[in-house]
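The values are calculated or read from the model by the stated rules, or taken from the named source; none is laboratory data. Keep in mind that what you see is a predicted model, and the values were worked out from it rather than measured. Neighbour counts run over all protein chains shown; Cβ positions are idealised from the backbone, glycine included. The accessibility values were calculated without ligands, DNA or RNA, using every heavy atom of the protein model including side chains. Shrake-Rupley method; radii C 1.70, N 1.55, O 1.52, S 1.80 Å.
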Amino acid sequence: MQWRNSERRFGLAAVLLHWLIAVLFLAMLAIGVTMTRLPLTDPWTFPLFQFHKSLGATVFLLVVARIAWRAGNNPPPLPASLKPYERALAKLTHWGLYAALIAMPLTGWVIVSASPLGIPTVLYGIVPLPHIGFVAGHPQKAAIETAASWTHWTIAVFAATLIALHIGAAFWHHFAKRDDVLTRMLPSRALFRKGNGN
């Protein structure tokens, strides 16, 4: 499997970035829901918050890398059978996901910067991430924290919805339309090859 995209399938670099971002986002979402339900005094709360922030920063960097890679590696063309509105929906979903996965870590950074607790962020317990100076020192930072928290949660729901649609569309392409939209993003096509007896 080659690193770069071809006319028929995504290359290894795009495939690895796609699945790594997907797994980390789902983990970040699960941790985010869990940590916000725990009391501040719970011994798991602080490490979960730190790990959530670490995953968020990682997802941000991976999405930026994915967009940069995509800019120099055109994806395989969509099936010719797709209608114009289906092509438009596919593009909107992809770019909506990119936007959400960039905006979520940024709004999270605003939240911790505006928090009155002033807890430092240390990514994976190694790399310190400073607060945003003008946010941390803003006289209305409580209002900023509230707005950023609402925005962060709204974007998370939006991203989760887009991912559900993305997954549904992938299975629809594979099982209903029987094209290669799903298989070309897999590391191996053997399990989904037509005529394999399943």
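Only a single item in (1) in a helix (DSSP H, G or I); (2) modelled with pLDDT under 95 is not met by residue 41, and it is number (1).
The residue that is nearest to residue 37 (Cα to Cα), among those in region 141-162 that are open to solvent by 60 Å² or more (accessible area, probe 1.4 Å), of a type outside the set (A, V, I, L, M) and without any contact (Cβ under 8 Å) to a residue 12 or more places away in the chain, is 153. Test residue 59 against the stated conditions and say whether it is among the β-branched types (Val, Ile, Thr), over 26 Å from residue 14 (Cα atoms), in a helix (DSSP H, G or I) and open to solvent by less than 60 Å² (accessible area, probe 1.4 Å). The answer is no for residue 59. The residues in region 43-87 that are among the aromatic types (Phe, Trp, Tyr), touching a residue at least 24 places away in the same chain (Cβ under 8 Å) and within 30 Å of residue 178 (Cβ to Cβ) can be counted, and the count is 1.
The residues on offer are 22, 14, and the sole one that is in contact with a helix residue (DSSP H, G or I) (Cβ under 9 Å, 6 or more places away or on another chain), open to solvent by less than 20 Å² (accessible area, probe 1.4 Å) and part of a helix (DSSP H, G or I) is 14. With respect to the conditions (1) free of Cβ contacts under 8 Å to residues at least 24 places away in the same chain; (2) in contact with a helix residue (DSSP H, G or I) (Cβ under 9 Å, 6 or more places away or on another chain), residue 175 lacks only one, and its number is (2). Residue count for region 27-51, restricted to those that are of a type outside the set (A, V, I, L, M) and open to solvent by less than 30 Å² (accessible area, probe 1.4 Å): 3. Checking each residue in region 163-191 for being open to solvent by 60 Å² or more (accessible area, probe 1.4 Å), outside any helix (DSSP H, G or I) and at negative phi picks out 187, 188, 189.
Of the residues 68, 99, 27, 13, the single one that is more than 16 Å from the chain's Cα centre (by Cα) and of a type in the set (Gly, Ala, Ser) is 13.
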